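Colleague: What follows is a structure written as structure tokens; I'll ask about it next.
The values are calculated or read from the model by the stated rules, or taken from the named source; none is laboratory data. These figures come from a predicted structure and were not determined experimentally. Cβ atoms come from the backbone with ideal geometry, glycine included; neighbour counts cover every protein chain shown. Please note that ligands, DNA and RNA were not included when accessible areas were found on the heavy atoms of the full protein model with its side chains. Shrake-Rupley method; radii C 1.70, N 1.55, O 1.52, S 1.80 Å.
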Amino acid sequence: MAKKQKYYVVWVGLNPGIYTNWNECRKQVEGYPEAKYKSFEDKELAELAFGDDHKSFYKKPDSKPKTESKFASEYIKQAIAVDAACSGNPGKMEYRGMFVETKEEIFRSKVYESGTNNIGEFLAIVHALAWQAKRDLSYPIYSDSKIAISWVKSGKDRTKHTVNSKNKELFELLERANIWLKDNKISVPLLKWDTKNWGEIVADYNRK
């Protein structure tokens, strides 16, 4: 008797999507912090589940109290942290990337006029991805911006900020970042920095 086809939905993992075999699914979730995935026996239901919030289909097992949470007290030291700083919204914006363990700054942008923090955070992540790709590196990337991470994972910025005479150069850079995401596969984990438990992200500009 033929084995029934299963469909594996990965909501949170290296490359979210729908997979038709467990081995491919496992590559996306194995070792990925707080990965969320589930198998379905119906393709239509799997597609519906993937397009919805995982909370509708995925129930986490009973977890330990937060005080005992390993994820809340530890972060990956062999990683890159990125951050942006913006004076006003919009305002003068810049971003940078640093190694988490050594706190060494590995790249820093120029200061752009009429930018936003979300744009800076987005560009910082893409810059870190491209920087690693050129050097054949694969460090996880931390950002404290859920919005920027979601933009990168969607493959394009979602800013509502508009181009003007002051930020034309910034928007040209934004378009190059979108093209890079279109032409390249994300092969490293993009992780949310847990500011509440770990303090400010390593790449923070300390201007608060």
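Colleague: Lys43: accessible area at probe 1.4 Å, nearest 10 Å²?
Modeller: The value for Lys43 is about 110 Å².
Colleague: Taking the range 2-54, which GluC sites (Glu not before Pro) meet the DSSP loop condition and have no more than 13 other C-beta atoms within 10 Å?
Modeller: In loop regions of the range 2-54 (DSSP not H, G, I, E or B), the sparsely surrounded GluC sites (Glu not before Pro) are Glu30, Glu34, Glu41.
Colleague: In the range 99-208, what percent of the accessible surface is made up of carbon and sulfur (1.4 Å probe, ligands and nucleic acids excluded)?
Modeller: Looking at the range 99-208 in its full context, I get 49 percent from C and S.
Colleague: Taking loop as defined by DSSP and a crowding limit of 12 other beta carbons within 10 Å, which trypsin sites (Lys or Arg not before Pro) in the range 76-111 fit?
Modeller: Of the trypsin sites (Lys or Arg not before Pro), the ones in loops of the range 76-111 whose Cβ has at most 12 other Cβ atoms within 10 Å are Lys77, Lys103, Lys110.
Colleague: Also: I want to check the label-to-label distance for Glu44 and Lys146. Put each point 7 Å from Cα in the C-beta direction and report it in nm to one decimal.
Modeller: 3.2 nm
Colleague: Using Cα-only point scatterers and the Debye equation, what is log10 of I(q)/I(0) for the chain at each q in 0.13 Å⁻¹, rounded to two decimals?
Modeller: So the normalised log intensities are -0.81.
Colleague: Could I ask something else about it? Which entries of Lys36/Lys103; Lys103/Lys146; Lys27/Lys182 show an alpha-carbon separation above 27 angstrom in the structure shown?
Modeller: Exceeds cut-off: Lys36/Lys103.
Colleague: While we're on this one: Could you please state, rounded to a whole Å, how far the C-alpha centre of the range 82-134 is from the C-alpha centre of the range 140-174?
Modeller: Measuring centre to centre over Cα atoms gives 10 Å.
Colleague: Same structure, new question: Send over a whole-number figure in Å² for the accessible area per residue of the chain, probe 1.4 Å.
Modeller: 61 Å²
Colleague: What's the magnitude of the charge dipole for the range 139-208 around its Cα centre, counting Lys and Arg as +1 and Asp and Glu as -1 at the beta-carbon? Answer in Debye, nearest 20.
Modeller: 240 debye
Colleague: Okay, helix-only estimate at 222 nm for the chain: each DSSP H run of n ≥ 4 adds -39500 (n - 2.57), divide by all residues, round to 500 deg cm²/dmol; what do you get?
Modeller: My calculation for the chain gives -9500 deg cm²/dmol from helical runs alone.
Colleague: Here's another thing I want to ask about it. Before anything else, pin down the relative contact order of the chain: Cα pairs under 8 Å, at least 6 apart, normalised by residue count, whole percent.
Modeller: 19 percent
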